[in-house]
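See structure below.
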Amino acid sequence: MTPLNYAKTKFVTSAPDINHLPADTGIEIAFAGRSNAGKSSALNTLTNQKNLARTSKTPGRTQLINLFEVAPNCRLVDLPGYGFAQVPEEVKRKWQKSLGEYLHKRESLKGLVILMDIRHPLKDLDQQMIDWAVQSELPVMLLLTKADKLASGAQKKQLNMVKEAILPFQGDITVATFSSLKRTGLEQLRQKLDYWFEQL
């Protein structure tokens, strides 16, 4: 299969829960992470589009499941950010429910990209996501975002620390450093997505 052209990715729909998503066919790869992990920036960098995923100065704005089509039957999914305090409890509960439903019930979900700020990786919720994915036999790619905020030595140190910390999970987990600003790790991300999408 030829590599996909991520620049052709287009927005499909925003859904409050899985009942409002299109048919559960093809392959979906979901992007998940804490609200300030740089998820929207990573999606925009991947697709070489400035406003495909809306970045916001206020983390926690993505409260819907956002679907993007890369090619027929190949979709990227921007999941609601988790772990951000400044939203009403009721809203938080609602979107954690829709996040959980998507992760547990969506048959076309074939891979999970979990984004974590390289300076604060593997918080409790990140570890819960990894654990859940491993239990569900889903392959995971951990992207350590905002790598440009650290010198290369410190980046390597964090990368090795995370690699060691995830060994007990014993899952299909890849780790890479990523920077939307410097486009670090972009090629690795594309290759991993291509590989997952090839399973069609």
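Every residue in segment 42-63 that is at pLDDT 85 or above and either closer than 19 Å to V140 by Cα or not hydroxyl-bearing (S, T, Y) (or both), please.
Scanning segment 42-63 gives A42, L43, N44, L46, N48, Q49, K50, N51, L52.
When segment 156-194 is examined, which residues are found to be acidic (D, E) and open to solvent by less than 40 Å² (accessible area, probe 1.4 Å)?
D194, the sole residue that qualifies.
Each row is one residue, and each column tells you yes or no for (1) among the acidic types (D, E); (2) in contact (Cβ under 8 Å) with a residue 60 or more places away in the chain; (3) under 20 Å from W132 (Cα atoms).
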| position | (1), (2), (3) |
| --- | --- |
| D148 | yes, no, no |
| K156 | no, no, no |
| E164 | yes, no, yes |
| L167 | no, no, yes |
| I173 | no, no, yes |
| L181 | no, no, no |
| E187 | yes, no, no |
| R190 | no, yes, no |
| Y195 | no, no, no |
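Within segment 146-153, is there a residue that is exposed (fewer than 15 other Cβ atoms within 10 Å of the Cβ) and of a type in the set (D, E, K, R)?
yes
Would you please list the contacts, defined by Cβ atoms under 9 Å and residues six or more apart or on different chains, that run from a residue in segment 91-106 that is loosely packed, with under 14 Cβ neighbours inside 10 Å to a residue that is modelled with pLDDT of 80 or more and not aromatic (F, W, Y)?
Taking only residues 6 or more apart or on different chains, the pairs are K97/D17; H104/S136; K105/I18; K105/D24.
Given the conditions (1) buried (at least 20 other Cβ atoms within 10 Å of the Cβ); (2) more than 13 Å from R34 (Cα to Cα), and given that D126 satisfies all but one, which numbered condition is not satisfied?
Result: D126 fails condition (2) only.
With under 19 Å from F178 (Cα atoms) and of a type outside the set (D, E) as the only criterion, which of L115, L125, L138 stands out?
Just one listed residue meets the conditions, L115.
The values are calculated or read from the model by the stated rules, or taken from the named source; none is laboratory data. The shown structure was predicted, so the numbers you read here are calculated from the model rather than taken from an experiment. Neighbour counts run over all protein chains shown; Cβ positions are idealised from the backbone, glycine included. Each accessible area value is taken on the protein alone, full model and side chains, heavy atoms only, with ligands, DNA and RNA left out. Shrake-Rupley method; radii C 1.70, N 1.55, O 1.52, S 1.80 Å.
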